[in-house]
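Input: a single structure, listed below in structure tokens.
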Amino acid sequence: MTKKLPKDQIEKNFSPIDPLMTKAEAKVESNRCLFCYDAPCTRACPTHIDVPSFIRKIATDNLKGAARVIFDANPIGSTCARVCPVEALCEGACVEKTLVEKPIEIGRLQRYATEHVTTSGKHIFEAGEPNGMSVAIVGSGPAGLSCATYLARLGYKVTIYEKKPLAGGLDTYGMAEYKMTQKDSLAEVALVESLGVEIVVNTAVAAEETGDRRPETGIGTWSASDGHRGSQESEIRNQDGDAAQSSVLGPQSSSAPHHSSLITHHSEDAQYSALSTQHFVSFEDLCERADAVFLGIGLGDTNDLNIPGEDLEGVIDALSFIERVKTRDWESAPLADTVAVIGAGNTAIDAVTQAKRLGAKKVMMVYRRGREHISAYDYEYDLAKKDGIEFVWHASPVGIEGNGRVEALRCRRNDGSDEEYTIPCGMVIKAIGQQKQGAFFGSIGLETDEKGRVKIDINRMTSRENVFAGGDCVNGGKEAVDASQAGKLAAMAIHEKLTGETVSFAGAGGLLRISRREEREDTD
Amino acid sequence: MADLTTNFAGIPSPNPFWLASAPPTNMGSMVERAFDAGWGGAVWKTLGEPIRNVSSRLAAIDHGAQRMIGLNNIELITDRPLDVNLKEIYDCKKKYPKNALVVSLMVESNREAWHEIVKQAEGAGADGLELNFGCPHGMSERGMGAAMGQVPEYTCMVTEWVKEVATVPVIVKLTPNVTDINYPAEAAVKGGADALSLINTINSVMGVDLDSMVPHPNVNGKAAHGGYCGPAVKPIALNMVSELARNEKVNIPISGIGGISTWQDAAEFLLLGAGNVQVCTAVMHYGYRIVEDLIDGLNNYLDEKGIASVSEIVGRSVPRVTDWGNLDLNYEVVARIDHSKCVQCNLCHIACEDGAHQCIDLVKQDDGRVFPVVDEEECVGCNLCYLVCPAPDCISMVRIDDGKEPVSWRELNG
């Protein structure tokens, strides 16, 4: 058993990497903003939050107004304030960066403003006058929450189906704990719920009705949330069967006119529980009952290495590892003295830093190519360096060795020598990207592209009438902020399709139709 | 090392930096610490019949994160017994013979009262007297301070009373709370003043507490207007100083007061005709220690300009101040934007668009980037873009010389 760091040290290691600004800091920093016109930061933000506007409101101590500007353009503005790669987006474009190499701390200011609302219970938006129409949303990650918010503001009855016990998708299950906690994510989910959006958790959407409503076939091939991880899913399913809980939840019926029989997740008292019962609802049902469906289901399981030894104990995928860390049950989080993380993206960084912060003595990032090719942002790489992570470049894993448990990772040197060598380690974390959801989309009859991403037309609709999609499942995997924007634009598209009326929300500009720019940027 | 010594209306001082009559010159121990810090002179907090003050007394205006760009005060003249002040003045002057020690005075409109206080101040060793005709709050309600400075006849009369007995130079401190500063200034000159000092503080209400809805500063639920000072009042003071410097009837030295915080501020006052300067708010904000950079900065400026003595810059910019009607209507400048230095904040564009003459467009360049571009045909040369631009040397105002002879409005209209 690997000895972890003392609890208070771990708590310290996982405390927010960027602490909440004090009032004094916010005052100085907000007053540093030049209040640019047609500001580069706003242009750089995928949701086009009017950054100078909210910063000016912070400067005038109008925090509710500042939060409104943020959430108006981005319903997950609190999440984005913590996890956005601001160096590559708003802060990277900041004029103060050009002038004095010190951009305004937009991310931290945004958190300062949004926290004022998420922690005070202040109301910013109201649900629209009910228009008699309903939309079913699959997945409660960034795309789903965003789409739900705008539709609720327009007066739609919105129900989100979430297969996990908690809502929020990757916001809740996939963000490095030192950037954002589950509590932070759920506070934001509560804002969405305050608009009357119903979030039905522990409920997956399956291709079609099956007798026992637990189709073994549907499960492994797709997920109902941005944050799905296969292994976790199995645990939940296998432990299903608590009779008392089942009776409370009531029988599942495809003919049920409303979703009231399903458990509704209330974020404020939610507890992570692996014992939650998994329910299923058929996609055809949703299409029948709702006027439109939005799919924000994210990506699937972590890709396999397809090398011998992958099933050894001690091999885990990065997202499952992060999800375990996020329970803050430090004792039971998997760990070894020596940890090898395979991959060099931002998720790999999240894995190495968190393994180290739990107490692993030696943590390595193993990558098949060199430093210059890594996909992690520079500041993420710097963070790993600061945490004392070792980097093993030009190493392709060819096998995992061990007797029941991981003992070493065998790699081939990619320097032309093809020399093989072993790296002793007690744990291997796979962080080589997630699978696309092609199989699921195929099972519900939606067209996908050659990479398994669901295809949407210029009006953001899939190949099936009134079924829309957005976020990672469409773009192949980008930032939460991109998914949020996709959810917003989909809500506008849905409204136009159902009513013939064109609406626009903050930061949407004339972007309703898919732009060439969006297509061009789609490099996955 | 330039010569910073001054001789203001016959009062010698090691440098042109005096503390104005205000809280920082309230008592002997304070003035002595100020002299130790390097202040050339000090004008003692106004002597008179001791008064009772209120609590609270001060309020400030901030700008963004910058604290106290303006301050207002409802504190009155000294609340200490006259004999205590006189004794401390005597001791201080004895201890600091080379520093200028001027005593500010304010008594009721009574010839004997003025004669008495003048004699007492001189007896304590004052190098000069400053007549407080400017205090705009409290004392003015009792017929003193600004109540004297706002009526030229009173200004003249009381100055005459003082001059009847004074043997040291008499400086008359003017209030800016008048429509034309020339009238009280000329009255003081007529009354025999040896010098003028200005500006005293400006009538002001600093703001309102948005929770209690009581204006600042709150005195048990009520507020009264106070005297406004600090960096924000500097331009008003500069105007009044330069007006008097241009007034041929005002041929006596001027001590410049109003928002001076830096050596640059001081140099500007000197250039516009002030023979020395008095400082208060900056000291109330940061302490006596600021005098070190006032001296150092002014000295370096003079050295770099090759000017041997501070007295050489006094009034040097006065000939550059004129009436609008004398300005050259044919002089033309336009804005030029150096795109290599532009940070694309677009403030020049929006300022020109909404606040000026709509001649800066955002234009997509060949490389796809969008930059502000000046339409020089439309540009009136107003300076606004240049003023809002945060990037050093990015916007310059360039002269367009079409060879036309200068012509002013006055010349055109006879």
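Numbers for the structure displayed
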{"quantity": "Selection from region A:1-25 of residues that are assigned to a helix (DSSP H, G or I) and either within 15 Å of residue A:91 (Cα to Cα) or within 14 Å of another protein chain (Cβ to nearest Cβ) (or both)", "calculated": "A:23, A:24, A:25"}
{"quantity": "Checking residue B:64 against (1) out of contact with any strand residue (DSSP E or B) (no Cβ under 9 Å at 6 or more places or on another chain); (2) touching a residue at least 60 places away in the same chain (Cβ under 8 Å); (3) within 14 Å of chain A (Cβ to nearest Cβ), the condition it does not meet", "calculated": "(2)"}
{"quantity": "Residue check, residue A:28 crowded, with 19+ Cβ neighbours inside 10 Å and either within 14 Å of another protein chain (Cβ to nearest Cβ) or out of contact with any strand residue (DSSP E or B) (no Cβ under 9 Å at 6 or more places or on another chain) (or both)", "calculated": "no"}
{"quantity": "Residue check for residue B:343: at pLDDT below 95 and within 14 Å of chain A (Cβ to nearest Cβ)", "calculated": "yes"}
{"quantity": "Helices (runs of 4 or more DSSP H) completely within region A:153-245 that count 3 or more residues being under 23 Å from the mean Cα position of the chain (by Cα) and at pLDDT 95 or above", "calculated": "A:170-173, A:182-193"}
{"quantity": "Failed item in (1) at pLDDT 95 or above; (2) buried (at least 18 other Cβ atoms within 10 Å of the Cβ); (3) within 21 Å of residue B:27 (Cβ to Cβ), with residue B:138 passing the rest", "calculated": "(1)"}
{"quantity": "Residue selected from region B:280-337 under the condition of a type in the set (Ser, Thr, Tyr) and closer than 30 Å to residue B:395 by Cβ, by the criterion least open to solvent (accessible area, probe 1.4 Å)", "calculated": "B:317"}
{"quantity": "Filter result for residue A:388 (in contact (Cβ under 8 Å) with a residue 24 or more places away in the chain and within 24 Å of residue A:329 (Cα to Cα))", "calculated": "yes"}
{"quantity": "Hey, residue A:491 at pLDDT 95 or above and open to solvent by less than 10 Å² (accessible area, probe 1.4 Å) or not", "calculated": "yes"}
{"quantity": "Filter result for residue B:103 (crowded, with 21+ Cβ neighbours inside 10 Å and more than 21 Å from residue B:257 (Cβ to Cβ))", "calculated": "no"}
{"quantity": "Condition check for residue B:355: at positive phi, open to solvent by 30 Å² or more (accessible area, probe 1.4 Å) and not polar (S, T, N, Q)", "calculated": "no"}
{"quantity": "Residue within region B:311-329 that is away from chain A (no Cβ under 14 Å) and in contact with an Asp or Glu (Cβ under 7 Å, 6 or more places away or on another chain) present", "calculated": "no"}
{"quantity": "Pair list, Cβ < 8 Å and 6+ apart or interchain, from region A:309-338 residues that are free of Cβ contacts under 8 Å to residues at least 24 places away in the same chain to residues that are open to solvent by less than 30 Å² (accessible area, probe 1.4 Å) and not charged (D, E, K, R)", "calculated": "A:324/A:333"}
{"quantity": "Contacts under 8 angstrom Cβ, first residue in region A:114-140 being under 30 Å from residue A:299 (Cβ atoms), partner assigned to a strand (DSSP E or B) and open to solvent by 60 Å² or more (accessible area, probe 1.4 Å), 6 or more apart", "calculated": "A:133/A:157; A:134/A:157; A:135/A:157"}
{"quantity": "Filter pass, residue B:248 being open to solvent by 10 Å² or more (accessible area, probe 1.4 Å), in the same structural domain as residue B:196 (by TED's automatic domain parsing), assigned to a loop (DSSP other than H, G, I, E, B) and charged (D, E, K, R)", "calculated": "yes"}
{"quantity": "Yes/no for residue B:260 being assigned by TED's automatic domain parsing to the domain that holds residue B:156, within 18 Å of the chain's Cα centre (by Cα), in a loop (DSSP other than H, G, I, E, B) and farther than 27 Å from residue B:156 by Cα", "calculated": "yes"}
{"quantity": "Filtered residues of region A:38-55 (kept if open to solvent by 30 Å² or more (accessible area, probe 1.4 Å) and at the interface with chain B (Cβ under 10 Å from one of its Cβ atoms))", "calculated": "A:38, A:43"}
{"quantity": "Flag if residue B:373 is away from every other protein chain (no Cβ under 11 Å), part of a strand (DSSP E or B) and closer than 19 Å to residue B:392 by Cα", "calculated": "yes"}
{"quantity": "Qualifying residue in region B:259-274 (condition: at positive phi and surrounded by fewer than 23 Cβ atoms within 10 Å (Cβ to Cβ))", "calculated": "no"}
{"quantity": "Some residue of region B:128-135 being surrounded by fewer than 24 Cβ atoms within 10 Å (Cβ to Cβ) and among the acidic types (Asp, Glu)", "calculated": "no"}
{"quantity": "Selection status of residue B:111, of a type in the set (Lys, Arg), touching a helix residue (DSSP H, G or I) at 6+ places or on another chain (Cβ under 8 Å), surrounded by fewer than 24 Cβ atoms within 10 Å (Cβ to Cβ) and touching a residue at least 24 places away in the same chain (Cβ under 8 Å)", "calculated": "yes"}
{"quantity": "Verdict on residue A:70 being outside the structural domain of residue A:381 (by TED's automatic domain parsing), at pLDDT 95 or above and part of a loop (DSSP other than H, G, I, E, B)", "calculated": "no"}
{"quantity": "Residues of region A:410-452 classified as over 20 Å from the mean Cα position of the chain (by Cα) and either part of a strand (DSSP E or B) or over 30 Å from residue A:470 (Cβ atoms) (or both), total", "calculated": "20"}
{"quantity": "In region B:145-178, residue farthest from residue B:190 (Cα to Cα) [restricted to those that are hydroxyl-bearing (Ser, Thr, Tyr) and open to solvent by 10 Å² or more (accessible area, probe 1.4 Å)]", "calculated": "B:167"}
{"quantity": "Residue list for region A:359-380, filter: in contact with a strand residue (DSSP E or B) (Cβ under 9 Å, 6 or more places away or on another chain) and either outside any loop (DSSP other than H, G, I, E, B) or not assigned by TED's automatic domain parsing to the domain that holds residue A:329 (or both)", "calculated": "A:362, A:363, A:364, A:365, A:366, A:371"}
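Okay, residues lined up against (1) more than 26 Å from the chain's Cα centre (by Cα); (2) in contact (Cβ under 8 Å) with a residue 60 or more places away in the chain:
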position: A:44; (1), (2): no, no
position: A:56; (1), (2): yes, no
position: A:59; (1), (2): yes, no
position: A:71; (1), (2): no, yes
position: A:74; (1), (2): no, yes
position: A:82; (1), (2): no, yes
position: A:87; (1), (2): no, yes
position: A:112; (1), (2): no, yes
position: A:146; (1), (2): no, yes
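Conditions tested, residue by residue: (1) buried (at least 17 other Cβ atoms within 10 Å of the Cβ); (2) within 14 Å of residue A:321 (Cβ to Cβ).
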{"position": "A:334", "(1), (2)": "yes, yes"}
{"position": "A:347", "(1), (2)": "yes, yes"}
{"position": "A:352", "(1), (2)": "yes, yes"}
{"position": "A:374", "(1), (2)": "yes, no"}
{"position": "A:389", "(1), (2)": "yes, no"}
{"position": "A:429", "(1), (2)": "yes, yes"}
{"position": "A:432", "(1), (2)": "yes, yes"}
{"position": "A:445", "(1), (2)": "no, no"}
{"position": "A:448", "(1), (2)": "yes, no"}
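The values are calculated or read from the model by the stated rules, or taken from the named source; none is laboratory data. No experiment lies behind these values; they were computed from the predicted model shown. All Cβ positions, glycine included, derive from the backbone under ideal geometry; neighbour counts span all protein chains shown. Only protein heavy atoms, including side chains, enter the accessible area calculation; ligands, DNA and RNA are left aside. Shrake-Rupley method; radii C 1.70, N 1.55, O 1.52, S 1.80 Å.
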